[in-house]
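Worksheet: one structure, shown below.
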Amino acid sequence: MSHEVHNPVPIKHKYFTPGVIGLIIIAVNGLVFLMGRFFFGIGAVTNLNNQYPWGLWIGVDVAAGVALAAGGFTTAALGHIMHRDEYHAIVRPALLTAMLGYTFVAMGVFVDIGRWYFIWHPLVMWNGNSALFEVGICVMIYLTVLYIEFLPVVTERFIGKVNLPKFLAGFNKPVDKFLRVLDRGLSKTMFIFIIAGVVLSSLHQSSLGTLMVIAGPKMHPLWQTPILPLLFLLSAVSVGFPMVIFESLIASRSLKLKPEMPVLSRLGSMIAPLLGIYLAFKIGDMVIRKTFVYLVDFNTASVMFTIELLFGVIIPLRMFLSPKVLKTPSLLFTASALVVFGVLLNRINNFVVAYNPPYSTESYFPSFGEISVTVGFVAILVLAYRFIVLNFPVISLPSKTAPQTKYTIRGVK
């Protein structure tokens, strides 16, 4: 007797909509400024200078991008390492989000460094004492791991369906045979890449915090702390599941699909303890270092810190404790969006707001070109996500038969 199961399948939906056309316009605008950055130099597009060597592109494109892509390693740990099979339906979308997110991060680093053509140097010029070197190497390796983890989705899509046109038709059988060999090889080795992905992601999430510890007195005391690497790791773990819920509910609405509320509600029930642990360390650090005295001063730093903690941690923490929130799509989306906003603001605060060079003559604010490139990258990420889910088996839909492929999720049997 057949029973309802959820199989990952390409979604049958038109690609172009008014919203997609709007995203394309935003993406093209960002690409225009990106061309200006490469042709005329980084100073022609940004407000960066010798006092502020990094700004929006590092704070959002890299630091926030790495944190918000944490859904990949948190769901991998939950679904495969902890063997929670009921969450398999959301692991592939989380993997895709992480893969695109880290691609976005790599592009952010590429456009931000002054001599972009030397981005390959860390591969051959190792510096074991550099926190930035560790971040760079881990991100490069983890991005490679993410693409390898996504390969089973590609093989599943094309095995038995290779149909090259005209004079290339002679390659149909060899390509199909190659895909089948690759498929079998991945099924035997995928556990290695899953474990490596979780370990690598944990390493560079914390190392981004180490990078700002080195900044020392250049950072505002509200954020400058010796446990910043731990706070970065805890905040990344805390935002992993909210980001998966946030992405899943948006995709469901955009593609006119029924949201996976049973899975998302169970996922949401795990978020409050994670936020609670992060909040405990955050408040405990303030008490021990007595930095709460800076909240009395009414300035940009105190206001941004209060907004970050109140709207990004405390309010969503309370919301995730409510059964009504967990069962209501709109409330669950709001709570998840607040956590995503909180971590995004935390990275902006650490890398932009809190950073105050001693010899700067004026404060930094991103130029229109910087904002355009960042927003354009986000638009390209969304467009790429939509294209992939429409053409590859990423999102799971209910069906009456068991799946035919041995890859149910991320290449794991």
| Tell me, which residue of segment 277-318 that is among the basic types (K, R), assigned to a helix (DSSP H, G or I) and more than 26 Å from S330 (Cβ to Cβ) is nearest to the chain's Cα centre (by Cα)? | K282
| task | Determine whether segment 156-173 contains at least one residue that is surrounded by 21 or more Cβ atoms within 10 Å (Cβ to Cβ) and farther than 19 Å from G101 by Cα. | result | yes
| said: Looking only at segment 77-86, count every residue that is modelled with pLDDT under 75 and assigned to a helix (DSSP H, G or I) and tell me the total. | reply: 6
| remark: All conditions in (1) in a loop (DSSP other than H, G, I, E, B); (2) within 25 Å of F341 (Cβ to Cβ) are true of T74 except (1)
| message | Just the residues that are surrounded by fewer than 18 Cβ atoms within 10 Å (Cβ to Cβ), assigned to a helix (DSSP H, G or I) and in contact (Cβ under 8 Å) with a residue 40 or more places away in the chain, please, taken from segment 93-138. | response | W116, L132
| What number of residues in segment 330-348 are surrounded by fewer than 23 Cβ atoms within 10 Å (Cβ to Cβ) and not β-branched (V, I, T)? | 8
| query | Looking at this structure, is P221 under 21 Å from the mean Cα position of the chain (by Cα), in contact (Cβ under 8 Å) with a residue 60 or more places away in the chain and in a loop (DSSP other than H, G, I, E, B)? | reply | no
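The values are calculated or read from the model by the stated rules, or taken from the named source; none is laboratory data. Just so it is clear, the model here is predicted, and its values are computed rather than measured. Note: ideal-geometry Cβ built from the backbone for every residue, glycine included; neighbour counts use all protein chains shown.
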